[in-house]
Amino acid sequence: MDKVYDVTAMGELLIDFTMNGQSGQGNNLFEACPGGAPCNVLAMLNKLGRKTAFLGKVGQDQFGRLLKETIQESGIETKGLMMDENVRTTLAFVHTFPDGDREFSFYRNPGADMMLSETEVDYELIRQSRVFHFGTLSMTDEPVRTATKKAIASAKEAGCLITFDPNLREPLWKSLDDAKEAMEYGFQYCDMLKISDNEIQFISGKEDYDEGIRHLQEKYHIPVIFLTMGKEGSRAYYKDIRVQKTGFAVKAIETTGAGDTFCGCAINGLLNYGLEGLNKETLEEILTYANAGAALITLKKGAIRSMPEPSKIEEMICGSYK
């Protein structure tokens, strides 16, 4: 079958409410930023000239309509996006700390993204894609958990490259054992894993990142793993190669979407080189590019609408970014 899309992603699409100053009365003001990790990744890929599609569900409400319009404007195919008449769009309130790190309060009990059923998944979209991307937020609850597993099976069958970012959000799980189980399910099927420093420690129980990654490689034989370490930069692990690149120093306003920007850039690298074309040089190039993209997005609020332009990423790498 002809591959029409470079990447199809499945999962949550929601509104991130981020703090944006105070009103004259001293009340906190929140900005409604379209977000959700899978679409953040796709938005970055679109900036890089890739053709993308999304599978998920939002409410038939003002936020759901805003999200659909936003991803359409980003160039993401929306025919796999369902609108739910009965359940509202998921909302997340982001509290940002002085160092740019953050914590989330979710309004999702249930949220529309949890209600996508296996019969609503557009499997044709998956079959027409070179890459299928997913995370664990679509595995917290039924019916979307079963839908995700069916989608992964369909992607495997269609010969898609499968990319996975666990994107652990502890408050959304009934128990952390359930979160571990979903992460382990993803590890079994993915060709590329993007995982953060705190996630590798959580899943492997090992303080040392390299030991944690080795544990995953030995147990699940994941072809390529990208590890993000916040402002410290990132590492890539492929066969017996381990590459590390330091991050770009910026004054972060907010880190929401940084990991997703990195992930989008890394998937783009994988599309450029294929698994067979990965070596020390190409992995260093991918890490440098992804680090620069991730640094740039921390200078803005929100994610989908804030993805960096490739020209700005190049400037950051060359040291000419102003």
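The values are calculated or read from the model by the stated rules, or taken from the named source; none is laboratory data. None of the values given here were measured: they were computed from a predicted structure. Note that each Cβ is placed from the backbone with ideal geometry, even for glycine, and that neighbours are counted across all protein chains shown.
Is there any pair with a first residue in the range 139-155 that is more than 13 Å from Tyr123 (Cβ to Cβ) and a second that is among the acidic types (Asp, Glu) and at pLDDT 95 or above whose Cβ atoms are under 6 Å apart and which are 6 or more apart or on different chains, and what are they?
Listed by first residue and then by second, the contacts come to Thr146/Glu118.
Name the single residue that is nearest to Ile71 (Cα to Cα) among those in the range 6-56 being hydroxyl-bearing (Ser, Thr, Tyr) and crowded, with 24+ Cβ neighbours inside 10 Å. Quick ask: steps written out before the conclusion?
Going residue by residue through the range 6-56, those that are hydroxyl-bearing (Ser, Thr, Tyr) are 8, 18, 23, 52.
Filter once more, keeping what is crowded, with 24+ Cβ neighbours inside 10 Å: 8, 52.
Working: Thr8: 13, Thr52: 10 Å.
Per the stated criteria, the residue is Thr52.
Are any residues in the range 214-240 in a helix (DSSP H, G or I) and within 20 Å of Glu285 (Cβ to Cβ), and if so, which ones? Break it down stepwise before answering.
Here is the first cut: in the range 214-240, the residues in a helix (DSSP H, G or I) are 214-220, 230-232.
Glu232, the sole residue that qualifies.
Could you pull out the residue among Glu120, Glu142 that is more than 18 Å from Pro166 (Cα to Cα) and not small (Gly, Ala, Ser)? Outline the logic, then answer.
Working: Glu142 fails: more than 18 Å from Pro166 (Cα to Cα).
Result of the check over Glu120, Glu142: Glu120.
Within the range 64-77, does at least one residue satisfy the condition of being crowded, with 24+ Cβ neighbours inside 10 Å, free of Cβ contacts under 8 Å to residues at least 60 places away in the same chain, among the small types (Gly, Ala, Ser) and closer than 30 Å to Ala153 by Cβ?
Yes, because at least one residue in the range 64-77 is crowded, with 24+ Cβ neighbours inside 10 Å, free of Cβ contacts under 8 Å to residues at least 60 places away in the same chain, among the small types (Gly, Ala, Ser) and closer than 30 Å to Ala153 by Cβ.
Just to be sure I understand, how many residues within the range 229-244 are surrounded by 18 or more Cβ atoms within 10 Å (Cβ to Cβ), closer than 19 Å to Asn279 by Cβ and either basic (Lys, Arg) or in contact with a Phe, Trp or Tyr (Cβ under 7 Å, 6 or more places away or on another chain) (or both)?
Residues in the range 229-244 being surrounded by 18 or more Cβ atoms within 10 Å (Cβ to Cβ), closer than 19 Å to Asn279 by Cβ and either basic (Lys, Arg) or in contact with a Phe, Trp or Tyr (Cβ under 7 Å, 6 or more places away or on another chain) (or both): 3 in total.
Inspect all residues belonging to the range 85-96 and state whether any of them is part of a helix (DSSP H, G or I), buried (at least 16 other Cβ atoms within 10 Å of the Cβ) and at pLDDT 95 or above. Steps first, answer last, please.
Initially, the range 85-96 is screened for residues part of a helix (DSSP H, G or I), giving none.
Scanning the range 85-96, I find no residue that is part of a helix (DSSP H, G or I), buried (at least 16 other Cβ atoms within 10 Å of the Cβ) and at pLDDT 95 or above, so the answer is no.
Matching residues to (1) within 24 Å of Leu270 (Cα to Cα); (2) modelled with pLDDT of 95 or more; (3) more than 20 Å from the chain's Cα centre (by Cα); (4) assigned to a helix (DSSP H, G or I):
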| site | (1), (2), (3), (4) |
| --- | --- |
| Ala43 | yes, yes, no, yes |
| Gly49 | yes, yes, no, no |
| Phe54 | yes, yes, no, no |
| Val58 | no, yes, no, no |
| Leu67 | no, yes, no, yes |
| Thr70 | no, yes, no, yes |
| Leu81 | no, yes, no, no |
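Is it true that some residue in the range 271-284 is out of contact with any Phe, Trp or Tyr (no Cβ under 9 Å at 6 or more places or on another chain), among the small types (Gly, Ala, Ser) and modelled with pLDDT of 95 or more?
The answer is yes; a qualifying residue exists.
Going by the conditions given, is Glu157 over 20 Å from the mean Cα position of the chain (by Cα) and under 24 Å from Gly59 (Cβ atoms)? Write out each step before concluding.
On the way: over 20 Å from the mean Cα position of the chain (by Cα): yes; under 24 Å from Gly59 (Cβ atoms): no.
Spelling it out, it is not the case that Glu157 is over 20 Å from the mean Cα position of the chain (by Cα) and under 24 Å from Gly59 (Cβ atoms).
Any residue in the range 1-30 that's within 27 Å of Met115 (Cβ to Cβ): show its pairings with residues that are small (Gly, Ala, Ser) and assigned to a loop (DSSP other than H, G, I, E, B) at Cβ separation under 6 Å, as long as the two are six or more apart or on different chains.
That search, which allows pairs on different chains as well, returns Gly11/Gly135; Glu12/Gly36; Leu13/Gly36; Leu14/Gly36.
All but one of (1) free of Cβ contacts under 8 Å to residues at least 60 places away in the same chain; (2) surrounded by fewer than 17 Cβ atoms within 10 Å (Cβ to Cβ) hold for Ile253; state the number of the condition that does not hold.
The single condition Ile253 does not satisfy is (1).
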